[in-house]
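The values are calculated or read from the model by the stated rules, or taken from the named source; none is laboratory data. The shown structure was predicted, so the numbers you read here are calculated from the model rather than taken from an experiment. Ideal geometry is used to build each Cβ from the backbone, glycine not excepted, and the neighbour counts take in all protein chains shown.
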Amino acid sequence: MKIVTDFREEPPFEILAPAEQRLPFVFNSPHSGASYPQSFLDASRLDSLAIRRSEDAFVDDLFAGVVPMGAPLLRVRFPRAYLDVNREPYELDPKMFEGRLPPYANTRSLRVAGGLGTIARIVSESQEIYAHRLTVDEAMERIETLYKPYHNTLRRLLAQTHVRFGFAVLIDCHSMPSSVRCQTTGNRPDFILGDRYGTSCPVELTDLAASLLKAKGYTVSRNKPYAGGFITEHYGRPAKGLHALQLEINRGLYMDERLHQPTVGMDRLALDLMEVLQDLTSMPDAPLLPLRMAAE
């Protein structure tokens with residue numbers, strides 16, 4: 001954890017970019033941020049370990065090897081508990097705020113009901129974050145100064161990639177608690193691939209990712225219990241040559257979840273991931289081209 005004053009001095013996100021982009025892939029780590037504003041910590045009822053339980057800790061480090069491979073990595077520095085960019089811009093719980101939310105706020109989504117809206121009410125294990133209500137102005141400021149610039153940056157990266165290569169593939173990188181089970185099998189998967197049930201990318205991409213991970217000895221679930229969040233759904237437009245695949249990693253593979261520290265498994269996992277991604281990013285272009293180009 002790094003404690004910061006605000007995100008005027010500390011960049012709220014950054015692009016790790018190769019000298020030359022050689023791959024039509026963009027990697028994104030939206031939940032690995034560990035820079036906590038002091039004012040946020042002061043407003044929280046949680047201690048410094050409990051408040052971090054929503055982090056996809058070290059995921060940006062696990063995927064850092066894609067940059068020398070020739071793909072950019074966008075990583076967020078602010079924590080998910082402070083602002084979640086994998087939500088609609090205004091998924092807000094009116095019970096959290098003093099004042100009236102704007103009429104366009106989505107106050108009835110399942111994510112809001114579960115306490116995990118754009119500004120979360122809880123961290124994992126249903127622990128309440130705030131000791132008191134926030135003001136609506138504070139919520140709007142986070143959205144205007146952090147959420148919107150982040151999505152503008154991600155949109156630009158994908159557009160530049162699309163122009164350069166004729167298509168673009170977004171790999172949205174996440175982690176999950178080791179306690180997560182697949183609803184259908186009851187097993188605890190090592191990886192969950194989310195493609196919004198085949199709507200955010202071609203099945204060939206998901207099939208290849210699954211087979212490459214299984215060849216390394218990992219267990220893989222597809223879309224259950226995570227089919228992909230707002231980012232996967234919003235940016236996956238296969239007919240236009242814009243593809244999005246969410247990749248969830250079991251934290252038990254690489255970290256001590258209680259102490260929030262990496263374990264000896266992290267180096268092996270990072271190596272396996274880069275070998276998998278070398279093959280995944282080398283897949284044939286045909287399934288990834290826009291429908292118009294694929295038909296020509």
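When segment 90-108 is filtered for residues that are crowded, with 17+ Cβ neighbours inside 10 Å and not aromatic (F, W, Y), the ones remaining, listed by number, are E91, L92, D93, M96, L101, A105. Residues in segment 116-145 that are over 16 Å from A43 (Cβ atoms) and either of a type in the set (D, E) or surrounded by 13 or more Cβ atoms within 10 Å (Cβ to Cβ) (or both): L116, G117, T118, S124, E125, M140, I143, E144, T145. When the criteria are applied in full, E204 meets the requirement of being within 18 Å of Q278 (Cα to Cα), over 17 Å from the mean Cα position of the chain (by Cα) and touching a residue at least 12 places away in the same chain (Cβ under 8 Å).
Of all residues in segment 229-251, none satisfies being without any contact (Cβ under 8 Å) to a residue 12 or more places away in the chain, touching a Ser or Thr at 6+ places or on another chain (Cβ under 6 Å) and outside any helix (DSSP H, G or I). Restricting attention to segment 160-175 and to residues that are over 14 Å from the mean Cα position of the chain (by Cα) and more than 14 Å from P238 (Cα to Cα), the residue that is surrounded by the most Cβ atoms within 10 Å (Cβ to Cβ) turns out to be T161. What number of residues in segment 1-58 are within 30 Å of G236 (Cα to Cα), among the basic types (K, R) and part of a loop (DSSP other than H, G, I, E, B)? Qualifying residue count for the region: 2. Checked against (1) part of a helix (DSSP H, G or I); (2) in contact with a strand residue (DSSP E or B) (Cβ under 9 Å, 6 or more places away or on another chain), R75 meets all criteria but (1).
Taking the numbered list (1) under 30 Å from P262 (Cα atoms); (2) in contact with an Asp or Glu (Cβ under 8 Å, 6 or more places away or on another chain); (3) surrounded by 15 or more Cβ atoms within 10 Å (Cβ to Cβ) in turn, V112 passes all entries but (1). Across segment 212-226, the number of residues qualifying as at pLDDT 95 or above and surrounded by fewer than 21 Cβ atoms within 10 Å (Cβ to Cβ) comes to 10. Run K240 past the list (1) surrounded by fewer than 16 Cβ atoms within 10 Å (Cβ to Cβ); (2) closer than 24 Å to R53 by Cα and report the number of the one that doesn't hold. The single condition K240 does not satisfy is (2). Total residues in segment 184-211 satisfying the condition of being modelled with pLDDT of 95 or more, in a loop (DSSP other than H, G, I, E, B), surrounded by fewer than 17 Cβ atoms within 10 Å (Cβ to Cβ) and among the hydroxyl-bearing types (S, T, Y): the figure is 2.
Here D6, D42 are screened, and the one residue that is modelled with pLDDT under 95 and either surrounded by fewer than 17 Cβ atoms within 10 Å (Cβ to Cβ) or among the β-branched types (V, I, T) (or both) is D6.
Scan segment 160-183 and tell me whether some residue there is under 24 Å from I249 (Cα atoms), part of a helix (DSSP H, G or I) and either touching a Gly at 6+ places or on another chain (Cβ under 8 Å) or touching a residue at least 24 places away in the same chain (Cβ under 8 Å) (or both). No, segment 160-183 has no match at all. Has segment 91-99 got any residue that is closer than 16 Å to G229 by Cβ, of a type in the set (D, E) and either out of contact with any Gly (no Cβ under 6 Å at 6 or more places or on another chain) or outside any loop (DSSP other than H, G, I, E, B) (or both)? Checked against the condition, which is being closer than 16 Å to G229 by Cβ, of a type in the set (D, E) and either out of contact with any Gly (no Cβ under 6 Å at 6 or more places or on another chain) or outside any loop (DSSP other than H, G, I, E, B) (or both), segment 91-99 yields at least one hit. Hey, D56 hits all of (1) under 24 Å from V169 (Cβ atoms); (2) surrounded by 16 or more Cβ atoms within 10 Å (Cβ to Cβ); (3) touching a helix residue (DSSP H, G or I) at 6+ places or on another chain (Cβ under 8 Å) but one; which does it fall short on? Condition (3) is where D56 drops out. Among the residues of segment 9-38, those identified as in contact (Cβ under 8 Å) with a residue 60 or more places away in the chain and either farther than 17 Å from A57 by Cα or surrounded by fewer than 18 Cβ atoms within 10 Å (Cβ to Cβ) (or both) are E10, P11, E14, I15, Q21, L23, P24, F25, V26.
If only residues of segment 217-228 that are part of a loop (DSSP other than H, G, I, E, B) and of a type outside the set (A, V, I, L, M) are counted, the one that is nearest to the chain's Cα centre (by Cα) is G228.
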